[in-house]
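What follows is calculated from the coordinates using simple rules that are stated; it is not laboratory data. Just so you know, these numbers come straight off a predicted model, no measurement behind them. A quick note on method: Cβ atoms are made from the backbone with ideal geometry, for glycine too, and the neighbour counts reach across all protein chains shown.
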Amino acid sequence: MTKTHEIVIDKVKESKINSIDFSNLTFGKTFTDHMLECTWRDGEWHTAEIKPYGPIQVEPSCKVFHYGQAIFEGMKAFKDGEGDVFLFRPEDNWIRFNESAKRLAMPEVPKEVFMEGLKKLVNLDKEWVRYGEGLSLYLRPFMIASENGVAAAPGTEYKFMIIMSPAFAYYKGDVRVIIASEFSRAADGGVGYAKAAGNYAASFYPNNLALEEGYQQIIWTDAASHEYLEEAGTMNIFVRIGDKLLTAPNNDRILNGVTRRSIMQMAKDHGITVEERRVSVKELTAAANDGSLKEIFGTGTAAVIVPIKGYKHEDFKFELPTLESSYATLLMGALKDIQYNRAEDQHGWRVKI
Ligand SMILES: *Cc1c(COP(=O)(O)O)cnc(C)c1O
């Protein structure tokens, strides 16, 4: 039996869009007029509501504060030159959201609520998606345990919400990284593959230590041996050695990125050899020493690709060469062309609103 899920809309009386300076946005600080809220209680999802963005009321005993059942997604909407708005591979985010939900013992969100909710919400706040290089609307679906009470057990009430934030190109200057040889963000059998809020909490302290040393991010290695590269901060990792592009295979410590999959496909479309296999720190450093290490970059929705300028591993430091034709530039351009509807969508990734 499939239940149909209703979405009711309560619009703002007056939009706040005219008070927003779209040329001066801090990432994730400004939110659109509306948000979506849907509650799971008594074993089922209730009517989803789209309503004015604003505070939600919860009690101090609310379970998410105590046991950390919180998951999220990050995705974007883009506008083309004609004013049409597109989502990029949104079903992949829905699937991953439910994988995260399952691992955190939270209820799965029906496709209809997630997808129709997103579409209706983006459509309502369409004016907030601006056209122009680097402009997009960042979408943040998330779920929290919203039941009151401090008994250590999964909640019996959850809130699924979507909030949206207009975003400008994400550039934070040069990025140099430390390859982790002590800390880990995820362990075998853990929740590293889930987009769980706690994974971020676990990464902030080691990242602060890196910042104090003048490095912006950490390349996470496998928790057991610290020998293999796994993620670049909160992004997936790619390494170019010679003309080959290498990326770590997914496992339960690695977040299965939509951007990672898209970049792998774009690389193949451009005739670049992509190997999905473990890359050791030894191999990386050997390639650095013999001159075959050309690029390291991270991939993720917020920035698409972040090139890494240099790395440190224990006492070894290396600066990446500046290339005339980098894979990072080529693949980022190719992917953005699809996202902004400037190129043919060969793989059916765009979803028009
Ligand atoms: C979200 C995330 C990524 C990137 O995933 P995308 O789907 O490409 O945005 C990579 N690593 C971690 C740890 C993440 O949380």
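The mean sequence distance of close C-alpha pairs (under 8 Å, at least 6 residues apart), as a share of the length of the chain, puts its relative contact order at 18 percent.
Please compute the Kirkwood hydrodynamic radius over the chain, one decimal place, Å, based on all pairs of different Cα atoms. Can you show the working numbers first?
Numbers: mean 1/r = 0.0466 Å⁻¹.
Result for the chain stands at 21.5 Å.
Rounded to whole numbers, the Karplus 3J(HN,Hα) couplings from phi for the stretch 55-72 are x, 10, 9, 9, 7, x, 7, 3, 4, 4, 5, 9, 10, x, 6, 8, 9, 8 Hz, using 6.51 cos²θ - 1.76 cosθ + 1.60 with θ = phi - 60°, and x at Gly and Pro.
Summing +1 for each Lys or Arg and -1 for each Asp or Glu among the other residues whose beta-carbon sits under 10 angstrom from that of Trp220 gives -1.
Is the C-alpha gyration tensor of the stretch 299-342 telling us rounded, prolate or oblate? Criteria: a/c under 1.5 is rounded; beyond that, a/b larger than b/c is prolate, otherwise oblate. Oblate is the answer for the stretch 299-342, as a/c is 1.5 or above yet b/c matches or exceeds a/b. Charged neighbours of Leu293, selected by a Cβ distance under 10 Å, balance to -1 (K, R count +1; D, E count -1).
Under conditions of 4 °C and 1.567 mPa s, the stretch 221-301 yields 101 µm² s⁻¹ as its translational diffusion coefficient, taking Rh as the Kirkwood radius over Cα pairs in the Stokes-Einstein equation. Using Cα atoms only, what is the angle between the long axis of helix 258-269 and the major principal axis of the chain, expressed in degrees (0 to 90) to the nearest 10? Computed tilt is about 50 degrees.
For the chain, find the longest principal axis of its Cα atoms and tell me its angle to the long axis of helix 197-212, 0 to 90°, nearest 10. The answer is roughly 40 degrees.
Projecting the Cα positions of Tyr53, Thr234, Ile254 onto the charge dipole of the chain (unit charges on Cβ atoms of Lys, Arg, Asp and Glu, taken about the Cα centre) puts Tyr53 furthest along the positive direction.
Would you mind computing the Rg to Rh ratio of the stretch 253-345 from its alpha-carbon coordinates, Kirkwood style for Rh? All intermediate terms of the calculation are to be shown ahead of the outcome.
Values: Rg = 14.4 Å, Rh = 14.7 Å.
Rg/Rh for the stretch 253-345 comes to 0.99.
Expressed in whole Å with the largest first, what are the equivalent ellipsoid semi-axes of the stretch 176-339 derived from the C-alpha gyration tensor as the square root of 5 times each eigenvalue?
Working: eigenvalues 105, 73, 43 Å².
Square roots of five times the eigenvalues give 23, 19, 15 Å.
What the Cβ-Cβ distance of Val150 and Glu182 gives, at R0 = 41 Å and to the nearest 0.05, is a FRET efficiency of 0.80.
Using helices alone, what [θ] at 222 nm do you get for the chain, with -39,500 (n - 2.57) per DSSP H run of 4 or more residues, divided over all residues and rounded to the nearest 500?
Details: 7 runs with 78 residues, N = 353.
Rounded to the nearest 500, the figure is -6500 deg cm²/dmol.
Given +1 at the Cβ of Lys and Arg, -1 at the Cβ of Asp and Glu and no other charges, the dipole of the chain around its Cα centre is 300 debye to the nearest 20.
Over 32 Å between Cα atoms, which of Lys76/Lys102; Lys63/Lys111; Lys126/Lys294 qualify?
Working: Lys76/Lys102 24 Å; Lys63/Lys111 25 Å; Lys126/Lys294 41 Å.
Long pairs (Cα-Cα over 32 Å): Lys126/Lys294.
Using only Cα atoms, locate the centre of the stretch 25-39 and the centre of the stretch 170-228, then give the distance between them in Å, rounded to an integer. Spelled out, the Cα-based centre of one part sits 27 Å from the other. Distances between every pair of Cα atoms in the stretch 156-207, grouped in 10 Å steps from 0 to the bin holding the largest one, split as 16, 33, 37, 14, 1 percent.
Put simply, the amide H of Thr301, placed in the peptide plane, has neighbours under 5 Å in Thr259, leaving out anything fewer than 5 places away on its chain. Axis of helix 90-103 versus longest Cα principal axis of the chain: the two differ by about 90°, to the nearest ten degrees.
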